[in-house]
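To start, the structure itself, in structure tokens.
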Amino acid sequence: MNIPQKVEKWIRQEHLIQQGDRVIAAVSGGADSVCLLLCLHALSGSFSFLLSAVHVHHGIRGEEADGDAAFCEALCRELKVPFRLFCEDVPALAEQEKRSLEEAGRIVRYRDLREEAARLAGEEPQRRVRIAVAHHQDDQAETVLMNLCRGTGIRGLGGMPPEQGDIIRPLLSLRRAEIEAWLAEQGQPWRQDATNLEDENTRNRIRHHLIPWLTEQVNPRSVEHIQALAVQAQELDDYLEQEADKWLTGVCGVQTDRQEEEAAENSAGGQKICLPAAELAALPEALKGRILLQAMGRAAGGSRDLTARHVAAVRDLLEGPAGRRISLPGGVTVRRGYRDLILETEAAGSEGGGQKTSQLPPAADFSVLVWTGREKIPEKRYTKWFDCDKINGDVFFRHRRPGDTIELKGVGKKTVKSYMIDAKIPAERRDSLWLLTDGEQILWIVGYRMSAACQVTSETRRILQVSVPEGT
């Protein structure tokens, strides 16, 4: 079976494209996206869809990036595929929002793709618009392994689904090697991004070292088996979601399907949900955990900041005596009544309102790395790097206390209270911010400044890398 036939079989199996759709191919110029464009072009007639392409110039790699854009435009012209180029200043966005270049680039790519999708949908409202991206089996394996190593649940093991809203992934049935071999057979060149050959980010290290080791030393079909696991995890995740919906709707009258939860991500709270404790406690553990996560997400107006640790804490509350309570992100209070587990948020403006302080520290990743002095320390809001040998004791998270101070570069010691005032952090948020501490020493006001006392210098030999979920 040739590559376009495999892609066609996958598209039909997953129902990714329907007759009359408009499909936008995200084309970078790399082998994966060139394969995507060629396959969609070959299949557009049999599926009767309209094909166009988008390339996003990130403003990072100078003449090399200019060459990528010119290559993509020329290929689309040769195929007679409508082409649109977006030019962005990703370094400026990364600096402004304190994000990595990789993260900022991903944000602008999807923003531009959806802008083009909205434009085309406005021209022909009767057509459904699909955005096709070139993720393949190796990308899927990298994602699953990265999620697994960082700590994940069933949803993370599912990796990237074939269809995610308006995003489709027609190449998930293909390996990277067969894509490149097929392009070579066709005599079709592609562009090589030099940054993909570096080992600076986690995904590249998994790509260059871990996956080849698994393939060579464990099983040649490791990547295929990881993809099969991802499919099973997606199916299990969908099943748990549906069963949790049924239980919450039938027992509590609460509708919490995934679409409504996503739509409520930015909505206000003000909800009260009562879960019958005895009935909930008797359920299988996997379903119980998903029900709790859904109920917590509904009460908080979205589940973005909720983790497995929060679910575990609420599960402990369910199994404990009446009268206990905990606070969760989103201003949610969970308390154990005599018969019910009660989740509630106070409506904005109500008496006693305001953001509550979470009692659970963030689910942080800690890594100790050898420092050569040659690497550049990135600027990231939710990942920081400390001189490991300047930390004297155990590090832990807590909220601020009266008299806390932090050492700032060029300023010296400053009270945390003064810093928060100068940084214009709203008063209602200050008590809920997490501090990373080493004994009484404040190492980091999470999401804001880190201490100058433990900054990495030319004398540093070991680095403590600390990452917390975005928005902590």
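Condition check ((1) free of Cβ contacts under 8 Å to residues at least 40 places away in the same chain; (2) in contact with a helix residue (DSSP H, G or I) (Cβ under 7 Å, 6 or more places away or on another chain); (3) open to solvent by 50 Å² or more (accessible area, probe 1.4 Å)) across all residues:
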{"position": "Leu172", "(1), (2), (3)": "no, yes, no"}
{"position": "Ile179", "(1), (2), (3)": "no, yes, no"}
{"position": "Trp182", "(1), (2), (3)": "no, yes, no"}
{"position": "Gln186", "(1), (2), (3)": "no, no, yes"}
{"position": "Ile206", "(1), (2), (3)": "no, yes, no"}
{"position": "His209", "(1), (2), (3)": "yes, no, yes"}
{"position": "Leu214", "(1), (2), (3)": "yes, yes, no"}
{"position": "Arg221", "(1), (2), (3)": "yes, no, yes"}
{"position": "His225", "(1), (2), (3)": "yes, no, yes"}
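Of all residues in segment 103-133, how many are under 23 Å from Leu93 (Cβ atoms) and part of a loop (DSSP other than H, G, I, E, B)? Show your work before the answer.
Residues of segment 103-133 that are under 23 Å from Leu93 (Cβ atoms), as a first pass: 103-119, 131, 133.
Remaining after also requiring part of a loop (DSSP other than H, G, I, E, B): 133.
Adding up the residues that qualify gives 1.
Of all residues in segment 299-321, count the ones that are at pLDDT 85 or above and more than 18 Å from Ser432 (Cβ to Cβ).
Number of matching residues: 8.
When segment 31-87 is examined, which residues are found to be on the phi > 0 side of the Ramachandran plot, of a type outside the set (Ser, Thr, Tyr) and open to solvent by less than 60 Å² (accessible area, probe 1.4 Å)?
The first filter runs over segment 31-87 and keeps only residues on the phi > 0 side of the Ramachandran plot, leaving 48, 59, 62, 80.
Checking the rest, the ones that are also of a type outside the set (Ser, Thr, Tyr) come to 59, 62, 80.
Selection gives Gly59, Gly62.
Within segment 436-448, is even one residue assigned to a loop (DSSP other than H, G, I, E, B), touching a Leu at 6+ places or on another chain (Cβ under 8 Å) and at positive phi? First the steps, then the outcome.
As a first pass, look at segment 436-448 and keep what is assigned to a loop (DSSP other than H, G, I, E, B): 439-440, 446-448.
After this cut, where a residue has to be touching a Leu at 6+ places or on another chain (Cβ under 8 Å) as well, the list is 446-448.
So of that shortlist, the ones also at positive phi come out as 447.
Yes, segment 436-448 has at least one match.
Determine the pairs where a residue that is of a type outside the set (Val, Ile, Thr), located within segment 142-160, has a partner that is outside any helix (DSSP H, G or I) and open to solvent by less than 20 Å² (accessible area, probe 1.4 Å) with Cβ atoms under 8 Å apart, the partner being 6 or more residues away or on another chain.
Cβ pairs passing all conditions: Met160/Arg169; Met160/Leu172.
Please enumerate the residues belonging to segment 24-54 that are within 17 Å of Arg127 (Cβ to Cβ) and not aliphatic (A, V, I, L, M).
Result: Ser44, Gly45, Phe47, Ser48, Phe49, Ser52.
How about segment 322-346: which of its residues are open to solvent by 50 Å² or more (accessible area, probe 1.4 Å) and either touching a Phe, Trp or Tyr at 6+ places or on another chain (Cβ under 9 Å) or modelled with pLDDT under 75 (or both)?
Residues satisfying the conditions are Gly323, Gly330, Glu346.
Here are the criteria: (1) at pLDDT 85 or above; (2) closer than 27 Å to Arg462 by Cα; (3) buried (at least 16 other Cβ atoms within 10 Å of the Cβ). Tell me which single one Met420 does not satisfy.
(2)
Within segment 185-196, is there a residue that is part of a loop (DSSP other than H, G, I, E, B) and modelled with pLDDT under 90?
The answer is yes, given that some residue of segment 185-196 is part of a loop (DSSP other than H, G, I, E, B) and modelled with pLDDT under 90.
Go through (1) surrounded by fewer than 11 Cβ atoms within 10 Å (Cβ to Cβ); (2) free of Cβ contacts under 8 Å to residues at least 24 places away in the same chain and name the single condition Lys414 misses.
Result: Lys414 passes all but (1).
Among the residues of segment 139-152, is there at least one that is open to solvent by less than 40 Å² (accessible area, probe 1.4 Å), under 29 Å from Arg61 (Cα atoms), among the polar types (S, T, N, Q) and in contact with a Lys or Arg (Cβ under 7 Å, 6 or more places away or on another chain)?
no
The values are calculated or read from the model by the stated rules, or taken from the named source; none is laboratory data. As the structure is a prediction and not an experimental result, all values here were calculated from the model. All Cβ positions, glycine included, derive from the backbone under ideal geometry; neighbour counts span all protein chains shown. When the accessible area is computed, the model is the full protein with side chains, heavy atoms only, and any ligands, DNA or RNA have been set aside. Shrake-Rupley method; radii C 1.70, N 1.55, O 1.52, S 1.80 Å.
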